[in-house]
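Reviewing the structure listed below.
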Amino acid sequence: MTSRRDFIKISAIGAGVLVVGTGAYKVVKALSSPEQVKKLVVGLKRTPTYCEVCFWKCAGWVYKTSEGKIWKIVGNENDQHCNGRFCPRGTGGVGMYYDEDRLKTPLIRVEERGKQVFREASWDEALEVIAVKMKNIASKSGPESMALFSHGSGSSYFTTLMKSYGSANIAEPSYAQCRGPRDEAFMATFGEEAYSPEITDIRDTRCLVLIGSHIGENMHNGQVQEMSDAIDKGATIITVDPRFSTAAGKSKFWLPIKPATDMALLLAWIHEIIFKDYYDKKYVEKYCSGFEQLKAHVKDFTPEWAYGITTIKPDLIMKTAKEMADASPAVIVHPGRHVTWYGDDTQRIRAVAILNALLGSWGRRGGFYRPAKFELSSYGSPSFKTPSKTWEDAFPGKYTIASSPVSNVLIDASIPENNPGLLIRGWIVNGTNLITTIPDQANTLKAIQNLELLVAVDTMPMEITGWADVVLPECTYLERYDGLRVSPHRKPAIALRMPAAEPLNNTKPGYWIARELSKKLALENYFPFEKQEELLDWQLKKAGSSLEEMQRIGVKTFERDADDLYFSENEQVEFPTDSGKIELYSSYFEGAGYDPLPKYVAHEEPAEGFYRLIYGRAPMHTFSRTSNNPNLTDLMDENTVWINPVVAKEWGIKSDQYIWLRNQDNVISDFPVKVRVTERIRWDSVYIVHGFGHAQKQMKRCFGKGVSDTQLITNVLVDPLMGGTGMRSNFVTFVIEKTGEEVAS
Amino acid sequence: MRYAMAVDTRKCVGCSDCVVACQTENDVPIGFCRDWVVEVMDGTYPQLEIEIRSERCNHCVNAPCVRCCPTGASHIVDGGIVLVEPGECIGCGACMASCPYDARYPHPSGYVDKCTFCFHRIKNGMSPACVEVCPTKCLYFGDLDDMNSDVSVVLKKRKSKTLIPEAGTDPQLYFLI
Amino acid sequence: MKEEIIVSGRMNQLIDPHLHIWHWQISLYLFLGGMAAGILAIAALYFIRGREKDYRTAVRITPFLAPVLLVLGLIALFIDLRHKLFFWQLYTNIKLQSPMSWGAWTLMVITPASFIWCALHIKDIFPDWDWKYKWIYNLDTFFNKYKKTLAWVMLIYAIILGIYTGILLSAFNARPLWNTSILGPLFLASGLSAGAAVTLLLSKDKAERKQFARIDLVLIGIELFLIIHLFMGFLASTQVQIEAANMFLGGPYTMSFWIFVVILGMLIPALLEIMELGKFHIPVLVPVTLVILGSLMLRFIIVYAGQVSRWLY
């Protein structure tokens, strides 16, 4: 080995060789040393948090430099969500704090909506404007005509505010634009949802089946970690995707399915597993109901039948079914997360649930485990008034199995010409950028134009804040306390978020905002604690800990009450369904007037010269909320449109060229997008990463970078069961040069 | 002692956490990086193969950057780690030109910067930031002279390759295949 | 289809999509250094061989350009440094394996030597020059006494400098185009050729001009020979070097290299010099300018193309 001293190093001046003391050299060394050296001093201050960059909510530590500047965020080793390892977005969470484009002070609109002319205001004035309008709406149309759209940790405070005000219209787009169909399908089958983090026991699985789910590109931390563990242990991965996803690259079997035909494949798998006697007979007999109906239902759905629809060869369907059966019960047919694709999504995920039931994976090691959640004490605030009407009265008889308010229903109910049974007149939008979240932007904007009040609470000047009447700047998660994280996992646990720094500028925590607004509405008795830390300390003491202890350890994990992570041998399990069994045949759906067993329905196909628009995620970004984050933009600052080489050749399109996309309804993307010619995408589809193409100029780093998929999603296939917005039936073509006319439109 | 790193290309998903963790840990200015992720895809739909690699300085035994540095700013310390001493670097760029892996970049302050295997951390018994953060645990680090180190164990168990061995640099970044 | 992309990171300036760390400064410096080396080597050689009288311009006049060229080259080099305040580190270290260290030290020797050489011949340019101080006259006497030693030092270091301008690049095996030892002799020949050309221009003596036209012709011949060998060597080497050669054999640098360096910088001036040696009268400025420009273009093209040439993995 070579050390630097082995190299000839002669200090000299001029031509004569003179040895110079190392003194001068050391001075220079000290002056030029990078910051890191100073920071290496052991014993730096760290404060606990849990991440807010996505919904996985990993617990971690925020480290600060000796000058008190936020330096880095790393995972908490005792946290089940992250096992001490943050994902790129969590690691880059510092950028949320340092982003110079953040909202800095409350804003009040001064010109017409959407023109984005605001004046700065004090908190008191801004909240006063909101309170007056809210009182006005309550007295004129009743408090039930207000709605809340929310996402993230702040939602609980605004939920309390809304409920105390008298409205139950509280929607999270994560339901009807994302995982709603999955949760309803699992509820109908097992009586329980798939939870978040999902209760998939990937760590111990022997076969993981991903249908359109791109773990590794969606950076759901714990799942990515466990998939990696499973790869290490030699588990089989089967990926069904028209795109050669990263997960497909790790798979033993990649099924390059024709888009929109997944249901046929699922039914063929069910057929194969039943008729080849692959299913877990004991399990099905003991826990499931409706097997015979199912068997009769899938009789004709042979692999050969599915081949004609899915383009997946019968032997591959058979081989993969066998592979699943061989791994049973340590097999997971992943429920997915963003599953609002074609409008029959609840039924498709029902087929997934049925497959899991047949393979006996629910409640089994390597399948789905039983989650455990720490129950916090509640402090007994006054009960909420029951609103005279709710979102369900807006369009009676629709989406009757939806167990959560449907965001798109609330939006439709804000447009008078839809004649809703309940007309929504005011919105509070917290932490969700509805413009890029809800498909059919024109409809959303139309609803906004009809509102009497639109309040946006956010950390960033998103598209939605541009349309608001009052903008309330929330501080980031690194500058505030929030409610304790008690998400279910293998073991019950609590995680604390506390501020690592004072809020920058004139920003405030969500709790403070909601409480101050409640005061102006004379509802402060619903917020008995002046400061959130008082509430946290009260709750933690009830839990046998304290705020002080949690500030030191960040995460506290408890043992399960019983050793029941999986069903035990011969355990009699009572499932929370109507029949108390796993319902292969859904009597619940049948009773509600829907198909009790999933059926294949053919979906629209792209016209000549059009390609199905498939969107997905990149591991470095969380939707559009991170697109301006300086650290994460550094990793990826625009999306690209993936085009198959055959298609590219036909169009004469080359990699790195910028083009526009035009959809079936003649909507042309605002901005051009860079082409990536790649074999990784089927010839009948194109792929883009969601969350780019921001039209909000105040976000300087991401404005106009890439293309927004939401803008191009105008054909929305609403799930009749629960109102989910199917967004994968949009087709785009390429615009090589934008003409003046097109620019104007 | 001979520090080395192994990257499991079968587990790496290319999430780039290694990149951002390095950037925050080492105050790498926005717009620069000490490590990066490469994706190589080959084949014709649907017969495709992909390899994803987290790359960084190879801490070569026969390091051309150290050889060509006119001042000795680029040097090798115990454990075979190639470092740059900012106070000795004149920013001539010879090391950048000499690196077949393009692992170095000019720091905005003028000196040339690169991966240090988080020398400040390993001195204190910790792993490099990228290794510690990697959600797929695809990075293995340790001392090749220690048979029981993570990197030795995994290199014994698995097939591996290095990048451009024909460049004669004897790189110490291994890719498990 | 094979696709290789950098998913993230490596947006480092000056590295991607290909290296572009070195620009006009280095190219210019290599050219100026090479030409100065050529001038000084020729002057020293003829002085040592006792031909000072026959080739007075080459020995006593042309060298006045050398310090100017060297200082301009050093300025260019200094501009290129990114951590300028630390440039002195070059002179607190001798790194035998580093061509740049060799270069720095060579310049440290040859630049003062070229100044002294000019000082000894200052009266050839300014007949009324007066050093004013006695100690300078003493120095003048001292160096005159050891002029032959000085000439030897100058000759050796000039050749090192001339070769070094090529070795600087050829030491980088990371850039296949540069990684050939032919680059040293080629740059030396090119520098000597440019040096000879300058004397050809400055000399008023017919015999001297004839001699330097001949020298230049021989050097151009050597350069052409080396260029042919350069490409033969590449084409017989590894994939990456074949690709490096192909940049000049049909690739993006084909036109600029063969037209500006080979045809305009070598073949045409050689033809003109042959004509001059014969009966035709050619304005000497034309071949000389072409040779010098060709020499400059050679450095620019090799420096830029070399940074594009890389290993593929």
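The values are calculated or read from the model by the stated rules, or taken from the named source; none is laboratory data. Keep in mind the model is a prediction, meaning the values are calculated, not measured. Please note: Cβ atoms are built from the backbone with ideal geometry, for glycine as well, and neighbour counts cover all protein chains shown.
Quick look at the values:
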| read-out | value |
| --- | --- |
| Complete set of residues in the stretch A:651-680 that are small (G, A, S) and out of contact with any strand residue (DSSP E or B) (no Cβ under 8 Å at 6 or more places or on another chain) | A:G652 |
| Verdict on B:G80 being surrounded by fewer than 24 Cβ atoms within 10 Å (Cβ to Cβ), on the phi > 0 side of the Ramachandran plot, at the interface with another protein chain (Cβ under 7 Å from one of its Cβ atoms) and in contact with a strand residue (DSSP E or B) (Cβ under 6 Å, 6 or more places away or on another chain) | yes |
| The stretch C:111-123 residues that are over 14 Å from C:K147 (Cβ atoms), paired with ones that are crowded, with 17+ Cβ neighbours inside 10 Å and among the aliphatic types (A, V, I, L, M) (beta carbon under 7 Å, 6 or more apart) | C:T111/C:L70 |
| Yes/no for C:A58 being over 17 Å from C:G195 (Cβ atoms), more than 8 Å from chain B (Cβ to nearest Cβ) and part of a helix (DSSP H, G or I) | no |
| Helices (runs of 4 or more DSSP H) completely within the stretch C:183-266 that count 1 or more residues being farther than 24 Å from C:V284 by Cβ and under 20 Å from the mean Cα position of the chain (by Cα) | C:183-202, C:206-235 |
| Inter-residue pairs, beta-carbon under 7 Å, first more than 8 Å from every other protein chain (Cβ to nearest Cβ) and in the stretch B:38-58, second of a type in the set (K, R), 6+ apart | B:R56/B:R34; B:C57/B:K114 |
| Complete set of residues in the stretch A:555-573 that are under 16 Å from A:K286 (Cα atoms) and of a type in the set (S, T, Y) | A:Y566, A:S568 |
| Filtered residues of the stretch B:117-150 (kept if polar (S, T, N, Q) and more than 8 Å from chain A (Cβ to nearest Cβ)) | B:S127, B:N148, B:S149 |
| The stretch A:83-110 - residue that is at the interface with another protein chain (Cβ under 8 Å from one of its Cβ atoms) and not basic (K, R) and, of those, surrounded by the most Cβ atoms within 10 Å (Cβ to Cβ) | A:T91 |
| Output for the stretch A:465-486, where each listed residue is more than 18 Å from A:W538 (Cα to Cα), touching a strand residue (DSSP E or B) at 6+ places or on another chain (Cβ under 8 Å) and in a loop (DSSP other than H, G, I, E, B) | A:A468, A:D469, A:C475 |
| Flag for A:K705 being in a loop (DSSP other than H, G, I, E, B) and in contact with a His (Cβ under 8 Å, 6 or more places away or on another chain) | yes |
| Those residues of the stretch A:394-410 which are under 16 Å from A:I170 (Cα atoms) and either assigned to a helix (DSSP H, G or I) or among the polar types (S, T, N, Q) (or both), in sequence order | A:S403, A:S404, A:S407, A:N408, A:V409, A:L410 |
| Pairs with Cβ under 7 Å, 6+ apart, first in the stretch C:296-313 and more than 9 Å from every other protein chain (Cβ to nearest Cβ), second in a loop (DSSP other than H, G, I, E, B) and of a type outside the set (A, V, I, L, M, F, W, C) | C:I301/C:Y253; C:A305/C:Y253; C:V308/C:H18; C:S309/C:R175; C:S309/C:P176 |
| Residues that are in contact (Cβ under 8 Å) with a residue 24 or more places away in the chain and part of a loop (DSSP other than H, G, I, E, B), drawn from the stretch A:305-319 | A:T311, A:I312 |
| Flag for B:P108 being out of contact with any strand residue (DSSP E or B) (no Cβ under 7 Å at 6 or more places or on another chain) and either assigned to a helix (DSSP H, G or I) or within 14 Å of chain C (Cβ to nearest Cβ) (or both) | yes |
| Qualifying residue in the stretch A:465-483 (condition: closer than 21 Å to A:L161 by Cβ, surrounded by fewer than 24 Cβ atoms within 10 Å (Cβ to Cβ) and among the small types (G, A, S)) | yes |
| Some residue of the stretch A:530-541 being among the aliphatic types (A, V, I, L, M) and closer than 30 Å to A:A185 by Cα | no |
| Some residue of the stretch C:71-78 being buried (at least 21 other Cβ atoms within 10 Å of the Cβ), more than 7 Å from every other protein chain (Cβ to nearest Cβ) and in contact with a Gly (Cβ under 8 Å, 6 or more places away or on another chain) | yes |
| Odd one out for A:E111, checked against (1) out of contact with any Asp or Glu (no Cβ under 7 Å at 6 or more places or on another chain); (2) in a helix (DSSP H, G or I); (3) under 22 Å from A:K446 (Cα atoms) | (2) |
| Which listed residue, of B:P29, B:P70, is farther than 30 Å from A:R676 by Cβ, within 11 Å of chain C (Cβ to nearest Cβ) and part of a loop (DSSP other than H, G, I, E, B) | B:P70 |
| Where a residue in the stretch A:207-227 is within 13 Å of another protein chain (Cβ to nearest Cβ) and over 10 Å from B:T136 (Cβ atoms) and its partner, wherever it lies, is surrounded by 24 or more Cβ atoms within 10 Å (Cβ to Cβ) and among the basic types (K, R), with Cβ under 7 Å and at least six apart | A:M219/A:R89 |
| Number of the condition not met by B:C22 [criteria: (1) within 8 Å of another protein chain (Cβ to nearest Cβ); (2) within 30 Å of A:T622 (Cβ to Cβ); (3) surrounded by 24 or more Cβ atoms within 10 Å (Cβ to Cβ)] | (1) |
| Residue that is touching a Ser or Thr at 6+ places or on another chain (Cβ under 7 Å) and within 30 Å of A:P596 (Cα to Cα), where the choices are A:L661, A:L721, A:L712 | A:L721 |
| The stretch C:17-33: number of residues that are within 9 Å of chain B (Cβ to nearest Cβ) and assigned to a helix (DSSP H, G or I) | 1 |
| Residues being of a type in the set (G, A, S) and within 14 Å of chain B (Cβ to nearest Cβ) - total across the stretch A:660-695 | 1 |
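Conditions (1) farther than 22 Å from B:A97 by Cα; (2) at pLDDT 95 or above, marked per residue:
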{"residue": "C:A174", "(1), (2)": "no, no"}
{"residue": "C:S181", "(1), (2)": "no, no"}
{"residue": "C:L186", "(1), (2)": "no, yes"}
{"residue": "C:D205", "(1), (2)": "yes, no"}
{"residue": "C:K210", "(1), (2)": "yes, no"}
{"residue": "C:I228", "(1), (2)": "yes, yes"}
{"residue": "C:Q239", "(1), (2)": "no, no"}
{"residue": "C:E243", "(1), (2)": "no, no"}
{"residue": "C:E273", "(1), (2)": "yes, no"}
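For every residue, the table says whether it meets (1) under 23 Å from A:D458 (Cα atoms); (2) at pLDDT 95 or above; (3) touching a helix residue (DSSP H, G or I) at 6+ places or on another chain (Cβ under 8 Å).
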{"site": "A:S3", "(1), (2), (3)": "no, no, no"}
{"site": "A:S66", "(1), (2), (3)": "no, no, yes"}
{"site": "A:C82", "(1), (2), (3)": "no, yes, yes"}
{"site": "A:L107", "(1), (2), (3)": "yes, yes, yes"}
